[in-house]
Amino acid sequence: LALGGVPFRAESLAVIDLAGLEPIVGRRIGGILGHDVFARYVLAIDYDARVIDVFEPATFGYRGDGTSLPVWIEHGETFITAQLYADGRMAPAKLKLDTGSSSFLGLNGSFVDQNNLVAESRARIPATGAALGGLPEHFVSRLDSLVLGPWTIARPVAAFSASLARD
């Protein structure tokens, strides 16, 4: 395989029919880049231009005015820390970076419940999620803010599972 002209040997390949997710996402899905791509290459994702540039880590040199944020990998999944604010409360959060998610911020129902992030008085909309494993029941609401490094995102939309189990 080649990504943008850069050779790539996948550890594994899977063929999955994504047609059922396309109406929910609202566009054609050409495929999913997995952890092995993100672990092997430096990727610059330009969402507005719909372009992904692929770089060899040994020859990549960042030349921008961006801000570096610490991320780490556990069991093949990438995480970052943030602070979530709602109704005068702050909850530190370990967030999984999921570039394939259709949600801006997806939270476990147990995390939302334990941190009382979405009070009963806060508006919440029941929704059906879209995942390869099925159609999980979840809610959508707004938090007051999310702080990620030096940035504060006001009133982010958060999806959270109806289930309080960590599954």
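The values are calculated or read from the model by the stated rules, or taken from the named source; none is laboratory data. Predicted, not measured: the structure shown is a model, and the values here were computed from it. Don't worry about glycine lacking a Cβ; one is built from the backbone with ideal geometry, like all the others, and counts go over all protein chains shown. Areas reflect the complete protein model, heavy atoms only, side chains present, ligands, DNA and RNA absent. Shrake-Rupley method; radii C 1.70, N 1.55, O 1.52, S 1.80 Å.
So, in the stretch 102-125, exactly how many residues are closer than 30 Å to G20 by Cα and among the charged types (D, E, K, R)?
Summing the residues that are closer than 30 Å to G20 by Cα and among the charged types (D, E, K, R) in the stretch 102-125 gives 1.
Given the structure, is T67 under 14 Å from the mean Cα position of the chain (by Cα), modelled with pLDDT of 80 or more and hydroxyl-bearing (S, T, Y)?
Taking the combined requirement at face value, the residue does not satisfy it.
For residues in the stretch 100-116 being assigned to a loop (DSSP other than H, G, I, E, B) and free of Cβ contacts under 8 Å to residues at least 40 places away in the same chain, which is most open to solvent (accessible area, probe 1.4 Å)?
N116
In the stretch 39-66, which residues are open to solvent by less than 50 Å² (accessible area, probe 1.4 Å) and part of a strand (DSSP E or B)?
V42, L43, A44, V54
In the stretch 95-129, how many are modelled with pLDDT under 85 and in contact with a Pro (Cβ under 7 Å, 6 or more places away or on another chain)?
Residues meeting the conditions: 2.
Between residues in the stretch 21-50 that are at pLDDT 80 or above and residues that are assigned to a helix (DSSP H, G or I), which pairs lie under 7 Å by C-beta distance while being six or more apart or on different chains?
If the second residue must be assigned to a helix (DSSP H, G or I), the pairs left are R28/E22; I29/E22.
Has the stretch 84-99 got at least one residue that is in contact (Cβ under 8 Å) with a residue 60 or more places away in the chain, open to solvent by less than 80 Å² (accessible area, probe 1.4 Å), part of a loop (DSSP other than H, G, I, E, B) and over 19 Å from L148 (Cβ atoms)?
no
Got at least one residue in the stretch 139-160 being at pLDDT below 75 and either over 21 Å from L69 (Cα atoms) or open to solvent by 40 Å² or more (accessible area, probe 1.4 Å) (or both)?
no
Can you pull out the residues in the stretch 26-38 that are assigned to a loop (DSSP other than H, G, I, E, B) and closer than 24 Å to K96 by Cβ?
G26, R27, I29, G30, G31, I32, L33, G34
Among the residues of the stretch 1-25, which ones are closer than 18 Å to H35 by Cβ and part of a helix (DSSP H, G or I)?
none
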